Amino acid sequence: MTTFRLLLLLGLFVALPSSTVAQEGVVSRQEALKAVFQDAAVTRDRVILTPDQMNAVASLARVGMQGKIFPRYVARRGEDVVGRAYIDTHTAKTERQSVLVSLDRDGRVLRVDVTVFFEPAQYMAPQDFLRQYDGVVLHEELVIRRGIRPIAGASFTGRAVNNAVRRVLALDQVLQRAVPVSYTHLRAHETLR
């Protein structure tokens with residue numbers, strides 16, 4: 001192969017956009033955790049749900065489950081747990097997205113951060129959309145176009161983020177054994193649209 005052809009091929013490879021490269025504007029897990037749990041010691045573990053736990057989470061969240069393994073971070077000051085954070089990885093429209101949902105000790109959202117986003121940049125959830133979740137708990141109105149404003153031009157992303165937040169809030173309730181009675185009548189296959 002001539003040098004010209006090799007350079008041309010290399011130039012095409014570099015010039016072509018790749019869907020396997022994460023977008024600018026995402027924050028690393030470490031940066032997000034440091035911003036939320038500033039002076040706490042954060043440890044990482046992995047939650048592997050049992051079938052019963054998966055059904056309980058799906059029933060509470062009223063959204064589909066994307067898997068049974070969730071990375072979890074536990075923040076402590078001394079012996080006291082001050083918060084937890086979970087990674088939810090899912091498909092936004094056609095590509096993968098991961099969000100880190102950080103919760104306080106009572107299971108209230110402190111912050112939602114995008115840590116991986118492989119869709120085109122114009123579909124990424126803006127900060128003002130993500131900040132709508134600050135301070136919320138799982139409730140009936142935690143739905144796009146009800147309690148949550150949609151993202152103009154990125155409805156798949158908005159729905160995916162909302163479903164992830166609902167899933168994490170339900171996951172945390174199940175793991176903390178604080179399942180509210182008002183949600184126990186729901187079946188696992190019932191989902192919000």
Quick one: how many residues across region 67-98 are touching a strand residue (DSSP E or B) at 6+ places or on another chain (Cβ under 7 Å), in contact (Cβ under 8 Å) with a residue 60 or more places away in the chain and more than 23 Å from Pro51 (Cα to Cα)? 1
Please work out which one of (1) under 17 Å from the mean Cα position of the chain (by Cα); (2) open to solvent by less than 40 Å² (accessible area, probe 1.4 Å); (3) at pLDDT 95 or above is the condition Gly67 fails and give its number. (3)
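How many of the residues in region 135-178 are part of a loop (DSSP other than H, G, I, E, B) and of a type in the set (A, V, I, L, M)?
Quick first cut of region 135-178, residues part of a loop (DSSP other than H, G, I, E, B) only: 135-143, 145-147, 149-154, 177-178.
With the extra rule that they be of a type in the set (A, V, I, L, M), the set shrinks to 136-138, 142-143, 151-152, 154, 178.
So the answer is 9.
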If you check Arg96 against the conditions, is it modelled with pLDDT of 95 or more, surrounded by fewer than 22 Cβ atoms within 10 Å (Cβ to Cβ) and on the phi < 0 side of the Ramachandran plot? no
Of the numbered conditions (1) open to solvent by 10 Å² or more (accessible area, probe 1.4 Å); (2) closer than 16 Å to Asp172 by Cβ; (3) without any contact (Cβ under 8 Å) to a residue 60 or more places away in the chain; (4) not in a loop (DSSP other than H, G, I, E, B), Ser59 satisfies every one except a single condition; which is it? (3)
Residues in region 14-29: is at least one touching a Phe, Trp or Tyr at 6+ places or on another chain (Cβ under 7 Å), open to solvent by 40 Å² or more (accessible area, probe 1.4 Å), modelled with pLDDT under 55 and not hydroxyl-bearing (Ser, Thr, Tyr)? yes
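Just one of Ala125, Ala152 is over 15 Å from the mean Cα position of the chain (by Cα), of a type in the set (A, V, I, L, M) and over 15 Å from Tyr86 (Cβ atoms); which is it? Give the steps one after another, and end with the answer.
Values: Ala125 fails: over 15 Å from the mean Cα position of the chain (by Cα).
Criteria check complete, one pass: Ala152.
The values are calculated or read from the model by the stated rules, or taken from the named source; none is laboratory data. A quick note: this is a predicted structure, and the numbers were derived from the prediction, not measured. No Cβ is skipped: glycine too gets one built from the backbone with ideal geometry, and neighbour counts run over all protein chains shown. In case anyone asks, the SASA skips ligands and DNA or RNA and just uses the protein heavy atoms, side chains included. Shrake-Rupley method; radii C 1.70, N 1.55, O 1.52, S 1.80 Å.
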